[in-house]
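Have a look at the structure below before the remarks.
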Amino acid sequence: MSQILIVEGSDAIVLSKLCKIRRLPPPIGYASEEKFRTEFVKNAGGFGNAMIDFGEALRNYANTNIGLVVDANDQGPESRWAKIKSILATHFSEDTLHSVSPNPRGIIVQEPGFPKVGIWIMPDNQGPGYLEHFVANMIPEGDKVLSFAEKTITQLEKEDFCKFKAAKRQKALVHTWLAWQEEPGKPFGIALEFKYLNADAPAVEPFLDWMKHTFQLG
């Protein structure tokens, strides 16, 4: 049995920390942190590379379970799904692929004789966005620092010296919020461990369920 999780960007650390804090069992065969980091997770370094790695994973007959996490970005999930589906179409039947599409619980593709494939399009398989939108859902409701950061970002956007583009607003917001915590600037995974982010937020439940359905957990 071989299982693999391919991630487009730097999602792997925060997602693995979330699973660990929520006490999800590790994937069978990857219980040690070393094997999880070096064999189970594949950091692709961009959407194009993720598609190459995904195609290679599908061609590897040793793989029984394949997970893919990519960002919708401003294009939205349907655009990403079209590219992913074209790669799946080289292996899975039209009837199988016709019955699946992006939905709030993620995408699961199954067909006899092929690996089980799960696809998660950040943040929620429904709208545009990326990892920071997913992370923002773990900021405690009513957080005053977030409210102040929102006002500050909005004011900055009105200035001619604002450097970030509108598409990167959420990144600027979440990282500003992290910069104003008791220990400023912690990465997402560490922010979870410090409980700045709420691992029990309802918005993360669909992703955790997707992990359970995509992989064989021990």
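The values are calculated or read from the model by the stated rules, or taken from the named source; none is laboratory data. In this text the structure is predicted, and so the values were computed from the model without any measurement. Backbone-built Cβ (ideal geometry, glycine too); neighbour counts: all protein chains shown.
If only residues of segment 1-14 that are touching a strand residue (DSSP E or B) at 6+ places or on another chain (Cβ under 7 Å) and assigned to a helix (DSSP H, G or I) are counted, the one that is nearest to M138 (Cα to Cα) is D11. Applying the criterion of being modelled with pLDDT of 95 or more and in a loop (DSSP other than H, G, I, E, B) to the residues of segment 129-141, the residue that is farthest from the chain's Cα centre (by Cα) is P140. Within the option set A31, A12, being surrounded by fewer than 16 Cβ atoms within 10 Å (Cβ to Cβ) and either modelled with pLDDT under 95 or small (G, A, S) (or both) holds for one residue only, A31. Of the helices (runs of 4 or more DSSP H) contained entirely in segment 151-214, those carrying at least 3 residues that are of a type in the set (A, V, I, L, M) fall at 169-179, 188-193.
Hey, among A167, A149, which residue is at pLDDT below 95 and not assigned by TED's automatic domain parsing to the domain that holds P27? I'd like the intermediate steps shown before the answer.
Details: A149 fails: at pLDDT below 95.
Among A167, A149, only A167 is at pLDDT below 95 and not assigned by TED's automatic domain parsing to the domain that holds P27.
Per the listing P104, P202, the residue uniquely farther than 27 Å from K83 by Cβ and exposed (fewer than 13 other Cβ atoms within 10 Å of the Cβ) is P202. Checking each residue in segment 107-128 for being surrounded by 20 or more Cβ atoms within 10 Å (Cβ to Cβ), in contact (Cβ under 8 Å) with a residue 40 or more places away in the chain and not in a loop (DSSP other than H, G, I, E, B) picks out V117, G118, I119, W120, I121, M122.
When I6 is tested against the conditions (1) over 12 Å from the mean Cα position of the chain (by Cα); (2) modelled with pLDDT of 95 or more, the lone failure is (1).
Note on segment 58-71: residues that are buried (at least 21 other Cβ atoms within 10 Å of the Cβ) and either among the β-branched types (V, I, T) or in a helix (DSSP H, G or I) (or both) amount to 3.
Going by the conditions given, is A50 in a helix (DSSP H, G or I), at pLDDT 95 or above and surrounded by 20 or more Cβ atoms within 10 Å (Cβ to Cβ)?
Numbers: in a helix (DSSP H, G or I): yes; at pLDDT 95 or above: yes; surrounded by 20 or more Cβ atoms within 10 Å (Cβ to Cβ): yes.
Considered against the rule, which asks whether it is in a helix (DSSP H, G or I), at pLDDT 95 or above and surrounded by 20 or more Cβ atoms within 10 Å (Cβ to Cβ), A50 comes out as yes.
Residues that are exposed (fewer than 13 other Cβ atoms within 10 Å of the Cβ) and of a type in the set (F, W, Y) do occur in segment 139-162.
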